[in-house]
Amino acid sequence: MTELGKTNHLKVVKKVDFGLYLDGDNLGEILLPKRYTNAEMNVGDVVKVFIYLDGEERYTATTDTPKAEVDQIAYLKVKSIEKIGAFLDWGIMKDILVPFSEQKISMELNKYYPVFIYIDKITERITGTMKLEKFIHKTPPLYQNGEEVSGMIISSTDLAYKAVIQNLHFGLLYKNEVFKPLMPGQKLILYVKKVRDDGKIDLTLEAPGYQKIDSLSLIHI
């Protein structure tokens, strides 16, 4: 099944002057505009593409890679402010809209904000929101202590950095355990230190046993 807002592998079914048509299965034939094609792409080939809606609400393919897909979070720059909301640089030709109703604070031109990408159920368009809590931490955090996770820093306080891990949950890195500066939007590998009884997650930058192994190495020397 071909998914809107996701990377898909689709077969070329037709060559035209303005690009290639791909077999989008449940979404029908999807155009890959000529600017994204090359001479080596032929009918029958399978190409890796991202699917989005163009300005006329048509399914469109691109070989460009967006900064986040649907159900993911990204740290994006505001390119323009219009009557319906802010448009952010998404990494592809089409910018992504964050409507005013989805902004926790008023977005400002050229500033960066953490945004969750989703498909609006009413408009069926790919949309961004600053209201991360609508989608993040909605499932039980079934992590093991010491488990490696991918994360992104989204904010900080005097005591801790707040991160989103696995695009699913919030977690905290306490500053007294972090010995290098971290910036909002920074992606990094983290480790689950503890999942509390209330579901809050403590994180660490160091793999479990790192200090112990290091100490043993020193003793051996």
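The values are calculated or read from the model by the stated rules, or taken from the named source; none is laboratory data. What you see is a predicted model; the values in this text were computed from it and never measured. All Cβ positions, glycine included, derive from the backbone under ideal geometry; neighbour counts span all protein chains shown. The accessibility values were calculated without ligands, DNA or RNA, using every heavy atom of the protein model including side chains. Shrake-Rupley method; radii C 1.70, N 1.55, O 1.52, S 1.80 Å.
Restricting attention to the range 84-91, does a residue exist that is within 29 Å of V13 (Cβ to Cβ), open to solvent by less than 60 Å² (accessible area, probe 1.4 Å) and either touching a residue at least 40 places away in the same chain (Cβ under 8 Å) or of a type outside the set (V, I, T) (or both)?
Yes, the range 84-91 contains a residue that is within 29 Å of V13 (Cβ to Cβ), open to solvent by less than 60 Å² (accessible area, probe 1.4 Å) and either touching a residue at least 40 places away in the same chain (Cβ under 8 Å) or of a type outside the set (V, I, T) (or both).
Can you tell me how many residues in the range 102-151 are loosely packed, with under 15 Cβ neighbours inside 10 Å, touching a residue at least 12 places away in the same chain (Cβ under 8 Å) and small (G, A, S)?
Selection size over the range 102-151: 2.
Could you tell me whether any residue of the range 17-39 is in contact with a Lys or Arg (Cβ under 6 Å, 6 or more places away or on another chain), assigned to a loop (DSSP other than H, G, I, E, B) and surrounded by fewer than 15 Cβ atoms within 10 Å (Cβ to Cβ)?
Here is the first cut: in the range 17-39, the ones in contact with a Lys or Arg (Cβ under 6 Å, 6 or more places away or on another chain) are 18-19, 21, 23.
If we keep only those that are assigned to a loop (DSSP other than H, G, I, E, B) as well, we get 18.
Going one step further and asking which of them are surrounded by fewer than 15 Cβ atoms within 10 Å (Cβ to Cβ), we end up with 18.
Yes: one or more hits.
State which residue is least open to solvent (accessible area, probe 1.4 Å) when the search covers only the range 152-178 and only residues that are more than 12 Å from H137 (Cβ to Cβ) and not in a strand (DSSP E or B).
Ranking the qualifying residues of the range 152-178, first place goes to V178.
Suppose we filter the range 66-83 for residues that are among the β-branched types (V, I, T) and either more than 30 Å from V47 (Cα to Cα) or without any contact (Cβ under 8 Å) to a residue 40 or more places away in the chain (or both); how many remain?
The number of residues fulfilling the criteria is 2.
Of all the residues that make up the range 14-26, how many are over 16 Å from K48 (Cβ atoms) and in contact (Cβ under 8 Å) with a residue 24 or more places away in the chain?
Adding up the residues that qualify gives 3.
Specify the residue that is most open to solvent (accessible area, probe 1.4 Å); the eligible residues are those in the range 53-78 that are more than 25 Å from G151 (Cα to Cα) and not in a loop (DSSP other than H, G, I, E, B). Explain how you work it out, then say what you get.
First pass over the range 53-78, keeping only residues more than 25 Å from G151 (Cα to Cα): 53-63.
So of that shortlist, the ones also not in a loop (DSSP other than H, G, I, E, B) come out as 53, 59-62.
Details: L53: 19, Y59: 86, T60: 11, A61: 0, T62: 1 Å².
Here the residue is Y59.
Restricting the range 179-195 to residues that are of a type in the set (A, V, I, L, M) and assigned to a loop (DSSP other than H, G, I, E, B), which is surrounded by the fewest Cβ atoms within 10 Å (Cβ to Cβ)?
This residue is M183.
Among the residues of the range 104-126, which ones are assigned to a loop (DSSP other than H, G, I, E, B) and within 12 Å of F87 (Cα to Cα)?
M107, E108, L109, N110, K111
Here is a yes/no grid of residues against (1) within 22 Å of I117 (Cα to Cα); (2) modelled with pLDDT of 95 or more; (3) in contact with a His (Cβ under 9 Å, 6 or more places away or on another chain):
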residue	(1), (2), (3)
K131	yes, yes, no
T139	yes, no, yes
I153	yes, yes, no
A160	no, yes, no
G171	yes, yes, no
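Of the conditions (1) free of Cβ contacts under 8 Å to residues at least 24 places away in the same chain; (2) in contact with a helix residue (DSSP H, G or I) (Cβ under 8 Å, 6 or more places away or on another chain), E40 clears all except one; give me its number.
Every listed condition holds for E40 apart from (2).
Check off (1) of a type in the set (A, V, I, L, M); (2) more than 25 Å from F87 (Cβ to Cβ); (3) within 25 Å of the chain's Cα centre (by Cα) for L32 and give me the number that stays unchecked.
Among (1) of a type in the set (A, V, I, L, M); (2) more than 25 Å from F87 (Cβ to Cβ); (3) within 25 Å of the chain's Cα centre (by Cα), the lone unmet condition for L32 is (2).
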